[in-house]
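**Q** Have a look at the structure that comes next, please.
The values are calculated or read from the model by the stated rules, or taken from the named source; none is laboratory data. Everything numeric in this text was worked out from a predicted model, so none of it was measured. The area values use the complete protein model at the heavy-atom level, side chains included, leaving out ligands, DNA and RNA. Shrake-Rupley method; radii C 1.70, N 1.55, O 1.52, S 1.80 Å.
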Amino acid sequence: MLRIIRRGTGSVVTWRRAQTVLLSAQGMPVARIAEVSFTSADRVGDVIHNFNTDGFDSLYPKYSGGRPKTFTLPERYEIKKIAKSKPTKHELPFSTWSLTKPADFLVAEGVVDDIKKSSSPTRAGSGPNAQASTRTPTASPADGAGRPTTATAGSGICSPPWT
């Protein structure tokens, strides 16, 4: 444990947990540990309890990988092969793929179990990351007699980054 604290390399999470356990082993009360480590007494108690239960393994964070992969590699190859082919090759009555037809075909052919579709169709330029464009009349010598110019939301110098 001293090696973790003295070395200073590695995860900050591991270092803080080891520091908490070491202070507890030295007899420091939970409230004081929370005070010196700038955390809550509940969190200190959880770290100590986890160390007593799981030992040194509890000091290391167990990050999970996030959202699981949607398709396996063989499914991806099959989806790509079908998407690059013409629908007439599969004896379908249309000549080009739309947005929904390949998904229906892949499910019908048993390539994938299900493909989630959005509840409403999206257009290019819409969605959570699209910038709103508004028309605002301005009167400046550069643009003439107050003709409307396009102002993009979030283009101001003092606007917050989430707009």
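**Q** For residue 60, list long-range residues whose amide hydrogen, built 1.01 Å from N in the peptide plane, is under 5 Å from its own amide hydrogen.
**A** The answer is none.
**Q** Kindly write out, for the range 86-102 in residue order, the coupling ³J(HN,Hα) from the Karplus curve 6.51 cos²θ - 1.76 cosθ + 1.60 (θ = phi - 60°), rounded to whole Hz, with x marking Gly and Pro.
**A** 7, x, 5, 5, 9, 6, 9, x, 10, 9, 9, 7, 9, 6, 9, 4, x
**Q** With every protein chain in place, what's the accessible area of residue 81 (1.4 Å probe, Å², nearest 10)?
**A** 120
**Q** Let me ask something else. Can you give the accessible area of residue 89 in Å² (nearest 10), computed on protein heavy atoms with a 1.4 Å probe?
**A** 150
**Q** Using the heavy atoms of the protein chains alone and a 1.4 angstrom probe, what is the accessible area of the range 63-107 per residue in square angstrom?
**A** Accessible surface, normalised per residue, equals 84 Å².
**Q** May I ask you to give the percent of accessible area on the range 1-114 that is carbon plus sulfur, with a probe radius of 1.4 Å?
**A** 55
**Q** Further, regarding this structure: Probe 1.4 Å, all protein chains in place: accessible area of residue 73 in Å², nearest 10?
**A** 100
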